[in-house]
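Some notes on the structure that comes next.
The values are calculated or read from the model by the stated rules, or taken from the named source; none is laboratory data. Quick caveat, the model's predicted, so the values are computed rather than measured. Here the Cβ is made from the backbone with ideal geometry for all residues, glycine too, and neighbour counts use every protein chain on show. Heads up: the accessible areas ignore ligands, DNA and RNA and are worked out on the full protein's heavy atoms, side chains in. Shrake-Rupley method; radii C 1.70, N 1.55, O 1.52, S 1.80 Å.
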Amino acid sequence: MNWKQVYLVLKREYITRVRSKGFIWATILVPVGFVAFFAVMVFVTVWESGETFEIGVKDETGQIAEPLRGLNEERYVDYSEVSTDSLRTLVQENVITGYIIFTEENITEDKNLELIYTGSGGIQLLTSIRSDVREVIRQERLRRAEVSEEIQKIYDATIGLDSRRLTREGEETDDETFFLSIVGMILGLIIFAAIFSYGGYVTRGVIEEKTNRIIEVIASSVKPIELLTGKMAGVGALAITQFGIWMVTFFGLTAIAGPVAATLMEQQTAGMDADLEAAQADLPAFLDLPALEPSLIFYFIVFFILGYLLYSSLFAAIGSAADSDTDVQQLMLPVGSPIFIAYIIMLHTWQSPDSTLSVVSSIIPFFSPILMVTRIAITDVPFWQIWLSILLMILAFAGTMWLSAKIYKVGILSYGKTASFKDIAKWIRQ
Amino acid sequence: MKTITVSHVSKTFGKTKAVRDVSFDVEKGRIFGLLGPNGAGKTTTIRMINYIIPQDEGEIIINGEKVSPKTQKMIGYMPEERGLYKKMKVGEQLMYLAQLKGLKASDAREKIKYWLNRFNAYDWHSKTVGELSKGMSQKIQFIATIVHDPGIYIFDEPFSGLDPINSELLKEIIIELKGSGKTILFSTHRMEQVEQMCDDICLFNNGKVVLTGNLRQIKKDFGKNTVLIEFQGDGSFLDSLEEVRINNRSTNFAEIRILNGLDSQEILRRAMEHSEIHKFQLVEPSLNEIFISTVGEDNIKNQELLK
């Protein structure tokens with residue numbers, strides 16, 4: 001391998017891409033998109049539906065309707081005077097969403113209540129009604145049992161769980177599991193997206209050279225393996241540049257965000273009451289997120305690069321076997337599936353990073369880039385697991401690169417039709 | 001002096017024997033034509049000479065060295081399937097290709113400037129190839145092939161897809177390169193181009209070399225046994241001739257190859273009985289005729305492509 005040729009290819013790949021409008025826009029828009037994506041996600045999760053569903057309460061005990069209305073006045077309406085038939089008609093005509101009949105047995109015995117309703121409202125409504133009726137019936141039972149106030153308090157108590165981490169060195173720290181889980185999920189997601197998009201660059205780059213028919217001119221000056229290596233390295237350098245810009249921007253912004261916010265508030269509160277000032281002094285604390293560990297950033301970069309290399313070598317092979325952009329899809333499936341599977345496992349891993357499934361799959365080379373990073377972010381992953389997965393990824397990369405070089409060498413000079421998997425197998429054996 | 005020596009080279013793709021035991025020599029400072037129908041193995045042979053694909057058997061020597069990345073730099077190659085990066089600027093593109101051929105940036109810059117000026121194309125330096133017309137980008141393709149000033153030039157089907165102006169330009173370039181002592185090898189399935197330009201030829205059919213040598217000598221060896229006849233009137237007498245092969249027949253013209261000692265005067269006599277003769281000439285056979293009689297009419301693949 002002549003490294004001078006590799007360097008020339010790398011340089012061209014890098015420079016033509018880094019100067020393109022597409023790259024500049026992506027560098028600006030992707031973080032914006034990412035923030036927007038999370039904003040939408042948060043918005044959807046906390047969204048309270050504004051609609052009210054009216055539930056008729058037919059209370060034969062005379063003790064339930066009142067406290068129930070106390071819980072949600074808009075939802076629960078006292079229909080105790082109305083006959084069951086009329087209630088049914090009201091539901092049928094959609095005047096009310098549903099009704100519940102409370103009898104003595106519901107309080108004295110453990111008899112289930114029955115909601116007769118139109119079916120609208122979904123799980124959210126059912127869950128909320130269930131907890132409301134449980135609450136009022138429990139209260140009513142407690143009242144009838146004439147328990148003392150103290151015991152009532154016991155029932156009302158909700159005890160929280162605070163957690164603190166004790167490290168091997170005997171240091172006790174604030175537990176940030178919740179925050180770190182989100183970080184782990186985001187990092188996994190970033191690697192998932194990055195492998196696909198930079199891998200896509202490689203595939204399209206290979207196909208472009210084939211469809212432009214420049215490939216044979218290039219092949220008369222450069223060995224296929226040099227071209228392949230240069231191409232992957234060029235796009236890799238592009239990825240590092242783009243991530244570098246994002247990281248610097250991100251850390252820069254978080255570093256100045258606190259002080260800037262504090263200054264802004266000082267100015268605003270300058271003429272205000274001392275009380276208010278005191279209250280707002282707490283606000284910057286909200287911006288003061290726990291710091292990310294440098295080791296996490298280090299591993300993120302390592303796994304990102306290894307994951308990129310592993311997959312982009314395969315993406316290049318796919319590109320060389322395809323005859324046009326539109327034909328890539330059919331070949332993409334076997335290469336793309338492991339990333340999707342890793343992504344699906346990640347949805348489990350970020351909640352349960354130490355389960356057997358998480359541990360084993362995070363060591364499988366094709367899953368490691370996503371899963372190991374997620375685990376490292378959240379939990380204390382033993383060193384041997386990290387380095388075993390790194391070692392296995394390097395080995396796997398050597399394998400995919402060898403395979404890809406064989407396919408690429410033949411693929412780039414085959415015009416006319418997209419190769420089938422049978423053809424590709426033949427190329428590998430050649 | 002031999003510039004390219006191909007000896008006993010074979011190449012198989014799966015079950016297809018693309019090239020079978022091929023041998024020929026290309027002499028320095030001459031134009032060498034590789035001809036034969038499409039699918040005869042010309043492109044595969046050329047790719048092996050360019051070290052793009054390895055041969056299965058045999059040996060290829062260029063300027064005394066086995067083919068390698070080093071010999072690649074001695075060659076300027078324009079493939080049949082040609083193209084450029086559409087989104088790259090002309091100047092940068094030529095610089096990239098020249099550097100891949102081992103040129104230093106400063107030398108490359110000078111050569112690119114020279115050639116762009118030579119083709120009145122310096123204004124295109126900062127345009128992307130996508131902005132150029134087809135003819136213009138063909139010129140850039142020529143420059144890309146010759147910019148590193150190699151000793152050997154290989155053109156695979158160079159005239160296919162070229163517009164007439166660029167066809168002429170390329171012919172001029174080839175003649176000029178020969179004049180400055182360069183060696184040129186080109187392949188084609190169009191025989192008349194070979195007759196106009198080549199010193200030496202190699203005929204391919206079905207992956208094998210069927211004939212190779214100096215074009216003049218080959219023609220001489222075939223003898224003056226071909227009749228060119230121009231006439232006015234009834235041409236049906238041509239059908240009654242035996243032991244001949246008629247090529248290039250039209251309403252008032254025919255090229256007749258005499259196969260077995262039939263007297264050319266007999267043809268003239270019969271022709272005069274039926275029509276008025278404007279021209280009667282005894283010549284060496286055309287290359288097309290040589291090809292057909294060497295291979296045998298039935299053994300030619302892709303016959304319709306032979307013209």
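Between the beta carbons of A:K11 and B:Q196, assuming R0 = 45 Å, the FRET efficiency works out to 0.60 to the nearest 0.05.
Shown here for the stretch A:192-249: trypsin sites (Lys or Arg not before Pro) in loop regions (DSSP other than H, G, I, E, B) with at most 16 other Cβ atoms within 10 Å, namely A:R213. For chain B, the fraction of C-alpha pairs farther apart than 24 angstrom is 59 percent. Annotation: extensible slack from B:S160 through B:K134 equals 8.0 nm (criterion: 0.36 nm per residue apart, minus Cα-Cα distance). Both radii were evaluated on the Cα set of the protein assembly as shown; the Rg over Rh quotient, with Rh as the Kirkwood radius, amounts to 1.21. A DSSP coil position with no more than 12 other Cβ atoms inside 10 Å describes the following trypsin sites (Lys or Arg not before Pro) in the stretch A:325-430: A:K417. Taking a ≥ b ≥ c as the square roots of the eigenvalues of the Cα gyration tensor, the stretch B:177-282 is classed as prolate, since a/c reaches at least 1.5 and a/b is larger than b/c.
With the simple model of a label 7 Å out from the Cα in the direction of the Cβ, A:H348 to B:S23 spans 6.7 nm.
Taking every Cα-Cα distance in chain A and sorting them into 20 Å bins starting at zero, the pair-distance distribution P(r) comes out as 19, 35, 29, 15, 2 percent. Spread over its residues, the convex hull of the C-alpha atoms of the stretch A:1-133 is 204 Å³ per residue.
In chain A, the sites counted are chymotrypsin sites (Phe, Trp or Tyr not before Pro) in DSSP loop states with at most 15 other Cβ atoms within 10 Å, and the longest stretch holding none of them, exclusive of the sites, is A:48-414.
Report the Cα centroid-to-centroid distance between the stretch A:52-118 and the stretch A:215-249 in angstrom, as an integer. Each part's Cα centre sits 68 Å from the other's. For the stretch A:1-39, the list of trypsin sites (Lys or Arg not before Pro) that fall in a loop by DSSP and count at most 15 other C-beta atoms within 10 angstrom reads A:R19. Taking 0.36 nm per residue of sequence separation and removing the Cα-Cα distance, the B:H278/B:E243 pair yields an extension gain of 10.2 nm.
With Cα atoms defining each centre, the stretch B:132-193 and the stretch A:146-207 are spaced 66 Å apart in the structure.
Centre-to-centre separation between the Cα atoms of the stretch B:38-82 and those of the stretch B:257-293: 41 Å.
Between B:H189, B:H274, B:H148, the residue with the greatest mean-square fluctuation in the GNM of chain B (Cα pairs under 10 Å linked by springs) is B:H274. Given a cut-off of 26 Å, name the pairs among B:K134/B:K219; B:K17/B:K220; B:K101/B:K127; B:K17/B:K70; A:K4/B:K28 whose C-alpha atoms lie farther apart than that in the structure shown. Beyond 26 Å: B:K134/B:K219; B:K17/B:K220; B:K17/B:K70; A:K4/B:K28. For the pair A:E54 and A:R130, a Förster radius of 25 Å applied to the C-beta separation gives a FRET efficiency near 0.90, rounded to the nearest 0.05. Across the stretch B:129-226, the convex hull enclosing all Cα atoms gives 135 Å³ per residue. Chain B: longest stretch without exposed GluC sites (Glu not before Pro) (DSSP loop, at most 11 other Cβ within 10 Å), sites themselves excluded? In chain B, the maximal stretch lacking such sites is B:1-241.
Which residue, A:T118, A:S86, A:Y76, has the largest displacement toward the positive end of the dipole of the stretch A:74-135 when charges sit on each Cβ (Lys, Arg +1; Asp, Glu -1)? Among A:T118, A:S86, A:Y76, the one farthest towards the positive end of the dipole of the stretch A:74-135 is A:T118.
Against the main long axis of the alpha-carbon atoms of chain A, helix A:383-411 sits at an angle near 50°.
Taken per residue, the accessible surface of chain A reaches 55 Å², heavy atoms only and a 1.4 Å probe.
By the helix-only formula, in which each DSSP H run with n ≥ 4 contributes -39500 (n - 2.57) and the sum is divided by residues, chain B has a 222 nm mean residue ellipticity of -10000 deg cm²/dmol. Within chain A, what percent of beta bridges assigned by DSSP are antiparallel, to the nearest 5? Of all bridge pairs located within chain A, approximately 45 percent are antiparallel. Relative to the longest principal axis of the Cα atoms of chain A, helix A:3-18 runs at roughly 40 degrees.
Tell me the angle of helix A:328-349 to the major Cα principal axis of chain A, expressed in degrees between 0 and 90 and rounded to the nearest ten. For helix A:328-349, the angle is close to 40 degrees. Under a model in which nothing but the beta-carbon of Lys, Arg (+1) and Asp, Glu (-1) is charged, the stretch A:330-430 shows a dipole of about 640 debye around its Cα centre. Rounded to the nearest 20, the size of the Cβ-charge dipole of the protein assembly as shown about its Cα centre is 5400 debye, with Lys and Arg at +1 and Asp and Glu at -1. When the square roots of the Cα gyration tensor eigenvalues are ordered a ≥ b ≥ c, the ratio a/c for the stretch B:58-109 is 1.5 or more and a/b does not exceed b/c, which makes its shape oblate. Please name the residues of the stretch A:210-225 whose accessible area, counted over protein heavy atoms with a 1.4 angstrom probe, falls by no less than 40 Å² between the chain alone and the full protein assembly. Hits at the 40 Å² cut-off: A:N212, A:R213, A:I214, A:E216, A:V217, A:I218, A:S220, A:S221, A:K223. Once the Cβ-Cβ distance of B:E168 and A:V32 is raised to the sixth power relative to R0 = 56 Å, the FRET efficiency obtained is 0.50. Between B:T45, B:T294, B:T71, which gets the highest mean-square fluctuation from a Gaussian network model of chain B, Cα cutoff 10 Å? Between B:T45, B:T294, B:T71, it is B:T294 that shows the largest mean-square fluctuation. Can you classify the stretch A:118-244 as rounded, prolate or oblate using the Cα gyration tensor, where a ≥ b ≥ c are the square roots of its eigenvalues, rounded means a/c under 1.5, and otherwise it's prolate if a/b beats b/c and oblate if not? Note, shape of the stretch A:118-244 comes out oblate. What you get for chain B, charging only the Cβ of Lys and Arg (+1) and of Asp and Glu (-1), is a dipole of about 1640 debye around the Cα centre. Connecting C-alpha atoms closer than 10 Å in a GNM of chain A, tell me which of A:I214, A:I301, A:I64 has the biggest fluctuation. Its mean-square fluctuation being the largest, the pick is A:I64.
For the stretch B:120-273, the antiparallel share of DSSP beta bridges with both residues in that region comes to about 75%.
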